[in-house]
Amino acid sequence: MNILANASILITGGTCAFGRAFTRFALDSGARRVAALSRDEVKHARIAPDIPDPRLRCFVGDVRDAARVRQAAHGVDYIIHAAAMKRVDHCEADPDEAIATNISGSQHVAHAAIAVGAKCAVFLSTDKAAAPCTLYGLTKGAAERAWVQSNSYADGTGTRFVATRY
């Protein structure tokens with residue numbers, strides 16, 4: 001059984017390497033629609049010619065903007081949350097941005113998943129969240145725990161939250 005066949009999917013961080021690869025996989029699996037949310041408009045300009053498929057919809061936006069996340073999530077069945085500040089040095093240099101993106105942004109995505117009635121929302125974490133010694137690991141670890149705990153908020157809605165370490 002292919003759960004992605006005829007599904008509508010949102011990928012946050014959709015223009016990153018993982019996002020592009022997963023977009024191709026989802027489209028090859030028969031997804032009805034794939035929405036890629038990313039704040040990097042240069043990468044959006046690159047993804048269109050790389051994946052020339054009318055089922056792909058690119059949204060320029062940031063997970064730190066809850067309203068934009070809800071808008072991008074409208075009508076989706078599945079959410080893959082890959083958006084994050086991933087560079088340890090940048091997280092250390094700009095802790096407010098790391099917290100806003102990795103923790104608050106993840107909460108915005110989780111809240112949107114419940115609001116739109118997504119079937120499942122998958123969080124991509126990191127091995128650095130297991131025993132964090134950097135701000136990056138701490139933010140991803142906190143976001144991972146809050147994400148999984150979102151299952152208690154989604155109780156009865158049908159939305160399931162899972163996390164995986166990438």
Q.
Leaving out ligands and nucleic acids, and using a 1.4 Å probe, what accessible area per residue does the chain come to in Å²?
A. 49 Å²
**Q.** Zone residues, the range 85-127, relative to D155, backbone N less than 17 Å from point 7 Å out along Cα-to-Cβ
**A.** 114
Q.
Mean Kyte-Doolittle hydropathy of 0.0 or higher plus an axial Cα length of 15 Å or more: which whole DSSP H helices in the chain meet both?
A. 17-28, 105-116
Q) Which sequence of H90, H44 reflects their accessible areas, 1.4 Å probe, from the largest down? A) H90, H44
**Q.** log10 of Debye I(q)/I(0), alpha-carbon scatterers only, for the chain at 0.11, 0.14, 0.15 Å⁻¹
**A.** -0.40, -0.66, -0.76
Q.
Considering only protein heavy atoms and a probe of 1.4 Å, how much of the accessible area of the chain is carbon and sulfur, as a whole percent?
A. 53 percent
Q: Translational diffusion coefficient, Stokes-Einstein: compute it for the range 36-128 using the Kirkwood radius over C-alpha pairs as Rh, at 20 °C and 1.002 mPa s, and state it as an integer in µm² s⁻¹.
A: 152 µm²/s
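The values are calculated or read from the model by the stated rules, or taken from the named source; none is laboratory data. All figures in this text were calculated on a predicted structure; none of them were measured in a lab. Positions of Cβ are generated from backbone atoms using ideal geometry, with glycine treated the same way; all protein chains shown enter the neighbour counts. Remember, those area values only see protein heavy atoms, side chains included, never the ligands or the DNA or RNA. Shrake-Rupley method; radii C 1.70, N 1.55, O 1.52, S 1.80 Å.
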